[in-house]
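Accompanying notes for the structure given below.
The values are calculated or read from the model by the stated rules, or taken from the named source; none is laboratory data. Treat the numbers as computed from the prediction; the structure is a model and nothing was measured. Counting neighbours? That spans all protein chains shown, and the Cβs are built from the backbone with ideal geometry, glycine included. Just so you know, the surface numbers come from the protein's heavy atoms only, side chains and all, with ligands and any DNA or RNA stripped out. Shrake-Rupley method; radii C 1.70, N 1.55, O 1.52, S 1.80 Å.
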Amino acid sequence: MSKQKTPSKSAPRDQQTGTAGELHQIAGGEHGPLTTNQGVALSDNQNSLKSNPRGPTLLEDFILREKITHFDHERIPERIVHARATGAHGFFELTASLAEHTTAKILTEVGVRTPVFTRLSTVAGGAGSVDTPRDVRGFAVKFYTKEGNWDLVGNNIPVFFIQDAIKFPDLIHAVKMEPDRGFPQSATAHDTFWDFISLTPESMHMVMWIMSDRTLPRSLAMIEGFGVHSFRLVGQAGQSTFVKFHWRPKLGLQSTVWDEAVKIAGADQDFHRRDMFDAIAAGNFPEWEFAVQLFTQEQADAFPFDHLDATKLIPEELVPLQVIGRMVLDRWPDNFFAETEQVAYCPANIVPGIDFSNDPLLQGRLFSYLDTQLSRLGSANFHQIPVNAPKCPFANHQRDGHMQMAQPTGRVAYEPNSLSATSPRETPAQGFRSAAVAETGERGRIRAESFADHYSQARLFYLSQTTHEQAHIAAALVFELSKVDHPHIREAMTGHLRHIDEDLAKRVASGLGLDTLPDAPAAAAPVREMAPSPALQIIGKMKDTLEGRKIGILIADGSDGAAVAAIRKAASAAGAAVKIVALKVGGAKLADGKVLAADGQLAGTPSVLFDAVAVILSDEGARTLLTEAAAVDFVRDAFGHLKAIAADKGGQALLKTANVGQDAGIVDAGDADAFIAAAKTRQWEREPSVRTLA
Ligand code: HDD
């Protein structure tokens, strides 16, 4: 019997060969030999070694065993939270110096570009979960500064659920899939989450944020980022100033609506990852402004809340933001596992000139991250993995351990020593120093009185929203609590809402079908009125641009090519990416007989993948699509998701079949300018005509 062999047409370009601890990539072009990890070239990568052509495989086959063993160990423990993520390289550039407040070079050297690796994540779902659940987004940035790595490990929401790190395991156990049944994946809409929340009044401010559309971002390039905690900047004279860090997206803030997010999850599980991959590939690099809020101890003492409490934000109206830099993500990782998976952030990674505050949530985090990396990456040497290693020189006397990649020379591995003139020493002048802060008071497991107000900022957030956003918050609460089986949990939550806003509580009670409004629980501190902060809205922060957005044009045989071209031209000029959608990916034959290839087949390219759509159809094309559910859904969903729709006569026929009404967002396909203007926003006024919100 002849040996079955399937020669591989293209041998791996990026095959690695090992030499003395260094890994070399073989450049493209010449194919190097495929080898074992010991460097032995393989003659056959298609067949295992057998005693005869139809006989058992031999244990002696070291090539098979090595390959399968390595494969069996390819997975490492995923992150207990923030397992699902998108990461990219880029740079941070300082535009205004904070030299008055800090010695940190990253915050004082204007114009210098510092490399970064940024990882944007969901929280609750596993590594293989979808990109678009209702969830907080993690916003973690590793700055490879000249003075060591600085990790700013934040979220797209400026506050957190809990005030003390000791509650974190309970919070996460409550939100994760329920342990007896193993579902729901990546969702807060279930009993254990809302049970914990309803018994944790300090989470009410965060609840307002997560029930807002902030947790349904349109793109990762359209989220804000927050360092959450107060940190300290430490100046030349040792003086310290409190600081909160903020990221502001260049493309503005934008979210999807809930029904859209749910449908995106089916249409493209990797919606956000693909969006960033495409953006970077096209040279449309995601960019954020970096801003700080600076304040003194005296100012902090006068705030009507405690800035050390991570469930509180400092309204911009109280302490304005100063923009001091920008971050651009301009390079997709070479390898997802090596970089996005193995990157290890830690809030304890700071550099001289920056220090921690006493926020008890931050203090717990300072322990947790290093600990988790040891279990996740399996070795105390994880800092040697390229994505984690500082890009400045680093040297100490730490030695050995699993997966040690360094080969230190010499007999000295301690300090002080008199045997080596070159071994690293402490450097009092430029080395890291903690801010000199006097601490007083009694030791104990005590929650400060100043942490007692759980509702005022929740109320501030809710009352700062537009009416559309308030309706979305109410509807989200009704949706989530309707998934809760236990009536007492629904009632307890509705009771809390009464402290936030009586009208909100009534809307939610009505949406849940509660006969009477439940009593509000006793509040630990009176609810204060605060001036609304429009900076907390999403709608107010949408930018008048189509950059980073996508327009879909639905065509069929007989479509008017000139109309398609005009819309494509106007949308491209406005910065949007334009995709043609047709029944077949091969495209459609236009009225002039030319074939226009499609970017997406209709069945796999629903309108949820676009920010606005155009429907350009001949009478014949319209007739064909009237009986295609995917075409009817295409326009019905675009309408339901409050998007602009441009339609010609044939397009209008499809709209009619889909029962799509006429409003300011439905424009004539011949008026490209009107379409572009409408596409830059959502048609909020349409919403009451397409769904009942709470
Ligand atoms: Fe955390 C990961 C953000 C509270 C313990 N956290 C993690 C990541 C982000 C945050 C963005 C993912 C980093 C990455 O991309 O690899 N976490 C936050 C924020 C918090 C917060 C903004 C509150 C302000 N976290 C928090 C507490 C604890 C943890 C209180 C524990 C006491 N977080 C972890 C962790 C993770 C983590 C278990 C999982 C994977 C990892 O660290 O690297 O240690």
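A few notes on this one:
- Scanning region 77-97 for residues that are more than 16 Å from the ligand (Cβ to nearest atom) and open to solvent by 10 Å² or more (accessible area, probe 1.4 Å) yields a total of 5.
- Taken over region 238-275, the criterion of being open to solvent by less than 40 Å² (accessible area, probe 1.4 Å) and either under 30 Å from GLN430 (Cα atoms) or in contact with a His (Cβ under 8 Å, 6 or more places away or on another chain) (or both) is satisfied by GLY238, THR241, PHE242, VAL243, LYS244, PHE245, HIS246, TRP247, THR256, VAL257, GLU260.
- Single residue of region 363-376 satisfying the filter (more than 7 Å from the ligand (Cβ to nearest atom) and touching a Pro at 6+ places or on another chain (Cβ under 7 Å)) that is farthest from PHE168 (Cα to Cα): SER375
- Region 112-163: number of residues that are over 30 Å from PHE183 (Cβ atoms), among the basic types (Lys, Arg) and away from the ligand (no atom under 14 Å from the Cβ): 2
- SER203 vs. criteria over 16 Å from the mean Cα position of the chain (by Cα) and within 14 Å of the ligand (Cβ to nearest atom): yes
- Listed by first and then second residue, the pairs linking a residue in region 363-386 that is under 14 Å from ILE80 (Cα atoms) to a residue that is polar (S, T, N, Q), with Cβ atoms under 8 Å apart and 6 or more places separating them unless they lie on different chains, are LEU377/GLN342.
- Qualifying positions in region 311-362 - open to solvent by less than 20 Å² (accessible area, probe 1.4 Å) and free of Cβ contacts under 8 Å to residues at least 24 places away in the same chain: none
- Hits in region 224-237 - residues which are buried (at least 22 other Cβ atoms within 10 Å of the Cβ), in a strand (DSSP E or B) and within 16 Å of the ligand (Cβ to nearest atom): GLY225, PHE231
- Residue match in region 276-292 (condition: farther than 30 Å from PHE610 by Cα and either touching a residue at least 40 places away in the same chain (Cβ under 8 Å) or crowded, with 22+ Cβ neighbours inside 10 Å (or both)): yes
- ALA221, sole failed condition from (1) of a type in the set (A, V, I, L, M); (2) in a helix (DSSP H, G or I); (3) within 16 Å of the ligand (Cβ to nearest atom): (3)
- Count - residues of region 55-76 that are of a type outside the set (A, V, I, L, M, F, W, C), assigned to a loop (DSSP other than H, G, I, E, B) and open to solvent by 70 Å² or more (accessible area, probe 1.4 Å): 5
- As for region 165-178, it holds at least one residue that is more than 16 Å from the ligand (Cβ to nearest atom), under 30 Å from ARG274 (Cα atoms) and in a loop (DSSP other than H, G, I, E, B).
- Taken together, the residues in region 169-190 that are surrounded by 14 or more Cβ atoms within 10 Å (Cβ to Cβ) and within 20 Å of TRP258 (Cβ to Cβ) amount to 8.
- Residue in region 130-151 that is open to solvent by 40 Å² or more (accessible area, probe 1.4 Å) and more than 25 Å from ALA429 (Cα to Cα) present: no
- Of the candidates THR624, THR657, THR692, the single residue that is open to solvent by 10 Å² or more (accessible area, probe 1.4 Å) and without any contact (Cβ under 8 Å) to a residue 12 or more places away in the chain is THR692.
- Of the residues making up region 512-538, those that are touching a residue at least 60 places away in the same chain (Cβ under 8 Å), outside any loop (DSSP other than H, G, I, E, B) and either open to solvent by less than 40 Å² (accessible area, probe 1.4 Å) or of a type in the set (Ser, Thr, Tyr) (or both) are ALA535, LEU536.
- Residues located in region 301-359, provided they are polar (S, T, N, Q), within 16 Å of the ligand (Cβ to nearest atom) and not in a loop (DSSP other than H, G, I, E, B): THR340
- Helices (runs of 4 or more DSSP H) completely within region 564-666 that count 1 or more residues being under 34 Å from the mean Cα position of the chain (by Cα) and not assigned by TED's automatic domain parsing to the domain that holds GLN269: 629-640
- Among residues of region 130-155 being assigned to a strand (DSSP E or B) and of a type in the set (Lys, Arg), the one that is farthest from LEU370 (Cα to Cα) is ARG137.
- Of all residues in region 670-694, those being in contact with a Lys or Arg (Cβ under 9 Å, 6 or more places away or on another chain) and either assigned to a loop (DSSP other than H, G, I, E, B) or of a type in the set (Phe, Trp, Tyr) (or both) number 5.
- From GLU109, GLU100, residue being touching a residue at least 40 places away in the same chain (Cβ under 8 Å), away from the ligand (no atom under 12 Å from the Cβ) and of a type in the set (D, E, K, R): GLU100
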